[in-house]
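Shown next, in C-alpha cells, is the structure this report addresses.
Only the coordinates and a few stated rules stand behind these numbers; no lab work does. Owing to the predicted nature of the structure, the values given are computational and were not obtained by experimental measurement. A quick note on method: Cβ atoms are made from the backbone with ideal geometry, for glycine too, and the neighbour counts reach across all protein chains shown.
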C-alpha cells in the first residue's frame, strides 16, 4: 500500500477467490490487467506453489503471477516468478513498468 501511495498509482489491491474456492493471497487490479500473488514461507519453492495462480488464470484475465517466498528470484516453470519478500516493492515497480 505504501508503494502505491508513494508512486501515486491508482491500482487497487484485493483478495480474489473463484467459484470453486481457489484463491490468491493478493491481487493487483490495474484496469484490464490483473496481477496475482501467492505468499508462501518456502525456502525451496517448486512449481506446485503456483497451482492456484495457474488455476485462476483460466477464469480471470491474469497478466502476471508472482509467488512471494524466502528464495532467490527465478522463473516459475509454466509462467510467473518466484520473488523474495524483500523484493516485493521492486516487483510491483517492474509490473508497473517503472525504472
GNM flexibility winner over the chain from 59, 19, 48 (Cα, springs under 10 Å):
19
What FRET efficiency comes out for the pair residue 93/residue 13, r = Cβ-Cβ distance, R0 = 22 Å, nearest 0.05?
0.90
Rule-of-thumb Rg ratio for the chain [Cα; 2.2 N^0.38 Å; N residues]
1.02
Expressed in angstrom and rounded, the centroid-to-centroid distance over alpha carbons for the range 75-92 and the range 36-60 is 11 Å
Potential extension, residue 72-residue 33 segment - 0.36 nm per residue separation minus Cα distance
11.5 nm
Between residue 59 and residue 42, with labels modelled 7 Å along Cα→Cβ, what's the label distance in nm to one decimal, could you check?
2.1 nm
Using alpha-carbon pairs under 8 Å, 6+ residues apart, how would you state the relative contact order of the range 27-95 in percent?
28 percent
